[in-house]
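This report refers to the structure that appears directly beneath it.
The values are calculated or read from the model by the stated rules, or taken from the named source; none is laboratory data. Treat the numbers as computed from the prediction; the structure is a model and nothing was measured. Neighbour counts are summed over all protein chains in view; Cβ atoms, including those assigned to glycine, are modelled from backbone coordinates with ideal geometry.
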Amino acid sequence: MKSIEEIADAQPLEQPARRRPYRTGAKATDEAITALVTAAGVEHGDLVAEMITTAVRLGRENANRGEMRMINRALKELRYERLVFAQYPRRRKVTMFGSARTLPSEPGYVVAREFAEEAAKRGWMVITGAGGGIMEAGIEGAGIENAFGLHIDLPFEPRPTQKMRGDPKLVNFRYFFTRKVAFVKESDAFVLLPGGFGTLDEAFELLTLMQTGRSDLKPVVLLERGGAYWKQFCAFVEEHLSERGMISPEDIGLIKVSETVDEAVDVIEGFYHNFDSERYVRGQLVFRLRRLPPPEALEQLSHEFADMLASGGFRPVEPSPEEVADDDGLELKRIAFDFDRQSSGRLRQFIDALNRF
């Protein structure tokens with residue numbers, strides 16, 4: 001049986017500066033990995049070395065071939081999807097979720113197609129699962145030149161829609177978890193139409209990641225024209241989650257319900273009216289903005305949203321050395337604050353307040 005020290009050493013921690021070097025434990029192997037990464041001349045060589053080290057450790061820890069294949073395939077899938085999306089860094093992207101079984105004659109298909117068409121007109125690209133139903137409607141509305149397809153290999157849906165076949169923006173996945181990572185990582189907004197287990201799974205996963213701070217806040221719109229699907233969904237969340245104290249009342253504000261295409265597009269564009277992006281820097285949450293509220297407005301906001309601040313208030317800051325090193329939105333204005341990490345719903349309300357400036 002391994003000692004506590006050996007188990008701890010096997011787990012890379014989140015704060016590299018505070019942990020022991022992540023090594024295989026064999027000096028000659030570690031030196032060979034360092035030499036290989038140095039010779040390859042890759043960026044972020046320290047992280048590349050850790051990935052190689054992890055692979056070596058897995059091999060030494062008698063992981064079975066099935067486990068090794070899964071990890072290997074997952075890494076390949078994430079690398080390839082990043083390569084595809086990296087060719088479109090300046091375009092905002094909205095993911096559309098919904099049933100693969102929705103027929104072209106149904107209202108849901110029509111409104112999905114109309115939404116994607118309007119979003120593309122306003123400069124957005126559309127990401128779907130590359131299947132039929134709502135996904136096909138999204139691709140059809142946006143046009144193939146504005147669409148990405150993240151296809152999952154399933155026994156009963158073996159091939160992507162004909163509209164995406166052969167397109168370089170089609171990415172095939174074997175695993176749902178890598179596909180979900182790609183959706184969340186590459187999207188600036190999410191629009192969900194009625195669907196089955198998969199759609200509800202995606203809805204709750206998005207909300208969980210944002211509520212817990214494991215994903216940046218992004219607009220989530222539930223779109224349906226004239227039906228009761230999302231109204232009943234929200235009623236369930238209100239009655240059985242919020243009223244029972246299982247979520248904070250403000251968390252319901254993470255989603256917006258819309259019955260019209262124009263309203264849905266306005267919600268996702270309005271989210272970025274002033275707010276641009278967020279990043280944690282040395283324990284501080286930094287918001288990047290197009291326009292900085294005047295000092296008296298920041299002071300007022302500090303009082304209005306004091307409940308979500310661990311200490312202090314909202315203050316203007318210059319780009320941090322970390323952001324400068326990454327060339328990360330240096331043209332934008334910034335405010336920093338001590339966020340208590342317990343109030344994602346309130347944080348969404350704060351973004352709405354900033355967008356009024």
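Taking the conditions exactly as written (assigned to a helix (DSSP H, G or I), crowded, with 21+ Cβ neighbours inside 10 Å and either within 23 Å of the chain's Cα centre (by Cα) or touching a residue at least 60 places away in the same chain (Cβ under 8 Å) (or both)), does G198 satisfy them or not?
no
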Subject >> segment 169-195, subset surrounded by 18 or more Cβ atoms within 10 Å (Cβ to Cβ) and among the aromatic types (F, W, Y), residue farthest from G253 (Cα to Cα) >> reply: F173
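Yes/no per residue for (1) touching a Lys or Arg at 6+ places or on another chain (Cβ under 7 Å); (2) within 13 Å of K333 (Cα to Cα); (3) aromatic (F, W, Y); (4) surrounded by 13 or more Cβ atoms within 10 Å (Cβ to Cβ):
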{"residue": "G283", "(1), (2), (3), (4)": "no, no, no, no"}
{"residue": "L292", "(1), (2), (3), (4)": "yes, yes, no, yes"}
{"residue": "P295", "(1), (2), (3), (4)": "no, no, no, no"}
{"residue": "H303", "(1), (2), (3), (4)": "no, no, no, no"}
{"residue": "G313", "(1), (2), (3), (4)": "no, no, no, yes"}
{"residue": "P316", "(1), (2), (3), (4)": "yes, yes, no, yes"}
{"residue": "E322", "(1), (2), (3), (4)": "no, no, no, yes"}
Original post:
Which of the residues belonging to segment 82-124 are under 15 Å from the mean Cα position of the chain (by Cα) and crowded, with 17+ Cβ neighbours inside 10 Å?
Top reply: F85, K93, V94, T95, M96, F97
**OP:** Would you check if there is a residue in segment 153-174 being in a helix (DSSP H, G or I) and either at pLDDT below 95 or not assigned by TED's automatic domain parsing to the domain that holds G253 (or both)?
**Re:** no
Original post:
Can you name every residue in segment 212-252 that is assigned to a loop (DSSP other than H, G, I, E, B) and farther than 25 Å from A182 by Cβ?
Top reply: E224, R225, G226, G227, A228, E243, R244, G245, M246, I247, S248
Original post:
Say we look at segment 125-152 and pick out the residues that are β-branched (V, I, T) and surrounded by 24 or more Cβ atoms within 10 Å (Cβ to Cβ); which of these is farthest from L83 (Cα to Cα)?
Top reply: I134
Original post:
Pick from segment 50-81 the residues that are under 19 Å from R179 (Cα atoms) and without any contact (Cβ under 8 Å) to a residue 24 or more places away in the chain: which of them is surrounded by the fewest Cβ atoms within 10 Å (Cβ to Cβ)?
Top reply: R79
